[in-house]
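Input: a single structure, listed below in structure tokens.
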Amino acid sequence: MTLVSIITPSYNQSAYLEQTMLSVLEQNYPRLEYIVIDGASTDSSVDIIKKYTGRLAYWVSERDAGQADAINKGFARATGDVVAWLNSDDYYLPDIISAVVKIFDENPDIVLVYGNMLAVDEHGKTFNTLNYKQLTLEDLLCFQIIGQPAVFMRRTAFEKAGGLDSSLHFLLDHHLWIRIAQQGRILHVPQTWAAARYHPQAKNRAKAAEFGREAFRILDWAKSEKSLAPILVKVDHRARASAHRVDARYLLDGGQPAAALTAWIRALLIHPSTALARMNIFISAILNLLGLGKLRELALRKRESRYEK
């Protein structure tokens, strides 16, 4: 039976950490290796981790260089053939690991598989279901986003990709998916596997402007890669417009509607259909600028969080 390794990086997330851990530990899959890497939390996180020490393959609480560094440290200890990480404010739905393993067993050519995902608020209330579609490498280069908690990989693919780039802090997962997708087939499965929590302390709100900057960094990196540059040329306008649209979307999340509107208009000028596919960003920014906050919230709830067409 396939061994599955799950890594949870955590820092001062005691409000959500126990639910995250139990969502892993209570899976109905017998060969599960669970590793928790805590970044020297100053809240009660360590006490929570200690409650489950006997059920963990490894845990540590020490300073690290950020999320990517913590996850890479965890994967360095992982021995499973199938691996994933689950951030400490997200959680798995029940009985999904066995479904994931079955898909890998039935599709020996795939290097990465991803399901659908719930978007929940700080109280765990679902406000959206994110139903993804089958993506190509071109789609990933155009910033069609996959919900990270619903992604599982072969460990060999993760290692061949070189792990997470520790210089990235916001789109580090998307950068990894691009590198893994170069190795073989990725597969979408129309099942809901995980929940991502959106709350005021989440980095998509607290440091919204950084997402756009990293999108453009990833584009520059892809242009410099011999294997990716020819693919990027084919979708150049769409890719650049998508980077601006990512920027617009996160600026809106971060409470910067004027900057979000500017970024959306840039996307419109480069590749109109890419911008128009997310008219809700434009509408939400305008409503916010007009002071119609409640209408803006309704518009935001209708958008697909962390998913770009």
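The values are calculated or read from the model by the stated rules, or taken from the named source; none is laboratory data. For clarity, every value in this text was computed on a predicted model and none was experimentally measured. Cβ atoms come from the backbone with ideal geometry, glycine included; neighbour counts cover every protein chain shown.
What to note about this one:
- Among the residues of segment 222-258, those that are of a type in the set (S, T, N, Q) and surrounded by 17 or more Cβ atoms within 10 Å (Cβ to Cβ) comprise 242, 256.
- Residue tally, condition closer than 25 Å to residue 271 by Cβ, aromatic (Phe, Trp, Tyr) and either in contact with a strand residue (DSSP E or B) (Cβ under 8 Å, 6 or more places away or on another chain) or not in a loop (DSSP other than H, G, I, E, B) (or both), over segment 148-184: 1
- Filter result for residue 99 (farther than 21 Å from residue 36 by Cα, touching a residue at least 24 places away in the same chain (Cβ under 8 Å) and over 18 Å from the mean Cα position of the chain (by Cα)): yes
- Residue 62 meets all of the listed conditions (1) modelled with pLDDT of 95 or more; (2) buried (at least 17 other Cβ atoms within 10 Å of the Cβ) but one, namely (2).
- Which numbered condition residue 195 misses (of (1) surrounded by fewer than 16 Cβ atoms within 10 Å (Cβ to Cβ); (2) outside any loop (DSSP other than H, G, I, E, B); (3) among the small types (Gly, Ala, Ser)): (1)
- Of the residues 211, 170, 127, the single one that is farther than 30 Å from residue 95 by Cα and either aromatic (Phe, Trp, Tyr) or buried (at least 17 other Cβ atoms within 10 Å of the Cβ) (or both) is 211.
- Top-ranked residue of segment 2-35 - restricted to ones that are free of Cβ contacts under 8 Å to residues at least 60 places away in the same chain and over 13 Å from residue 89 (Cα atoms), ranked as surrounded by the most Cβ atoms within 10 Å (Cβ to Cβ): 35
- Scanning segment 113-130 for residues that are under 18 Å from residue 144 (Cβ atoms) and either of a type in the set (D, E, K, R) or out of contact with any Gly (no Cβ under 8 Å at 6 or more places or on another chain) (or both) gives 113, 115, 119, 128, 129.
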